[in-house]
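Sharing a structure below in structure tokens format, with a few things to ask.
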Amino acid sequence: MQPITPYLTINGADKALEFYQKAFGATDIFRHPGEDGRLFHARMTINGGIVMMSDDYSKDHGGPPAPTPEKTAPVAVSIALDSPEKVDAMFAQAVAAGANGVVPPEDMFWGDRFAIVVDPFGHRWMLDAPLKK
């Protein structure tokens with residue numbers, strides 16, 4: 001596992017996994033359904049990195065509640081890509097899959113091509129790649 005792994009709380013984690021496959025090319029690694037039908041734990045890869053998630057169990061186990069599209073999560077997940085063209089392509093792919101494009105791809109002052117989308121479940125995703133290698 002990578003040194004830091006994001007763990008997302010989601011309302012509708014099964015649907016979110018399907019969305020992440022369409023939006024970011026995610027690969028579903030593992031799903032463990034709970035007894036009540038919600039997703040208790042899942043693992044996927046995006047761009048070689050692991051992301052874990054579950055449905056909202058905040059009332060059952062005291063974890064964090066899921067964000068909503070209106071009240072997004074207070075943190076973002078960053079996807080580091082290897083070319084500026086991939087930022088544009090992934091942004092377009094995510095928006096076509098149903099994400100809200102909040103910062104369209106731009107060349108930024110710090111030397112990266114950068115964009116932000118918010119998924120239909122309230123999580124922000126930053127897409128970036130260095131302009132020069």
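Readers should treat all values here as calculations from the given coordinates under stated rules, not as data from a laboratory. Values in this document were obtained by computation on a predicted structure and should not be read as measured data. So basically every Cβ, Gly included, is an ideal-geometry build from the backbone, and we count neighbours across all protein chains shown.
From the phi angles alone, apply the Karplus equation (6.51, -1.76, 1.60; θ = phi - 60°) to the range 91-100 and give each ³J(HN,Hα) in whole Hz, x where the residue is Gly or Pro.
4, 4, 5, 5, 5, 5, 7, x, 6, 8
Shifting gears a bit: Once phi is turned into ³J(HN,Hα) by the Karplus curve 6.51 cos²θ - 1.76 cosθ + 1.60 with θ = phi - 60°, what whole-Hz value does each residue of the range 72-77 show in order, with x for glycine and proline?
Ordered by residue, 3J(HN,Hα) equals 5, 4, x, 10, 10, 9 Hz.
At q = 0.14, 0.18, 0.25, 0.27 Å⁻¹, what log₁₀ I(q)/I(0) does a Debye calculation on the Cα points of the range 1-67 give, no solvent, two decimals?
Cα-only, vacuum Debye calculation for the range 1-67: -0.38, -0.63, -1.12, -1.24.
Something else now. Students often forget the sequence filter, so: which lysines lie under 29 Å Cα-Cα from residue 86 once same-chain residues fewer than 8 apart are removed?
Here the lysines satisfying the reach criterion relative to residue 86 are 15, 22, 71, 132, 133.
Can I ask one more? What net charge do the residues around residue 93 carry, taking every other residue with its C-beta under 13 Å from that of residue 93, with Lys and Arg at +1 and Asp and Glu at -1?
That sum, taken over residues with Cβ under 13 Å, equals -1.
Kindly rank 43-56, 71-84 from highest to lowest mean number of other beta carbons found within 10 Å of each residue.
Going by the mean number of other Cβ atoms within 10 Å, highest first, we get 43-56, 71-84.
Give the value in nm², to one decimal: projected area of the alpha carbon convex hull of the chain, averaged over all directions.
Answer in nm², one decimal: 8.4.
When the Cα centres of the range 1-44 and the range 83-133 are compared, how far apart do they sit, in Å?
So the two Cα centres are separated by 21 Å.
Which order results if 35, 85 are arranged by neighbouring Cβ count within 10 Å, fewest first?
Arranged by neighbour count, lowest to highest, 35, 85 become 35, 85.
Projected onto the charge dipole of the chain (+1 at Lys/Arg Cβ, -1 at Asp/Glu Cβ, origin at the Cα centre), which of 23, 45, 74 gives the Cα projection farthest towards the positive end?
In the chain, that residue is 45.
Quick one: 3J(HN,Hα) in Hz for the range 47-54, Karplus 6.51/-1.76/1.60 with θ = phi - 60°, rounded, Gly and Pro as x.
So the Karplus estimates, Gly and Pro as x, are 6, x, x, 8, 10, 10, 7, 7 Hz.
If you don't mind, another one. Taking the Cα centre of the chain as origin, work out the dipole magnitude from +1 charges on Lys and Arg Cβ and -1 charges on Asp and Glu Cβ, in debye rounded to 20.
160
Let me ask something additional. Can you work out the FRET efficiency for the pair residue 36 and residue 131, with r the C-beta to C-beta distance and R0 = 41 Å, to the nearest 0.05?
0.30
Within the chain, what is the longest stretch that has no chymotrypsin sites (Phe, Trp or Tyr not before Pro) placed in a DSSP loop and near at most 16 other beta-carbon atoms within 10 Å?
Longest stretch, sites excluded: 1-108.
What's the exposure ranking of 86, 132, going from fewest to most Cβ atoms within 10 Å?
132, 86
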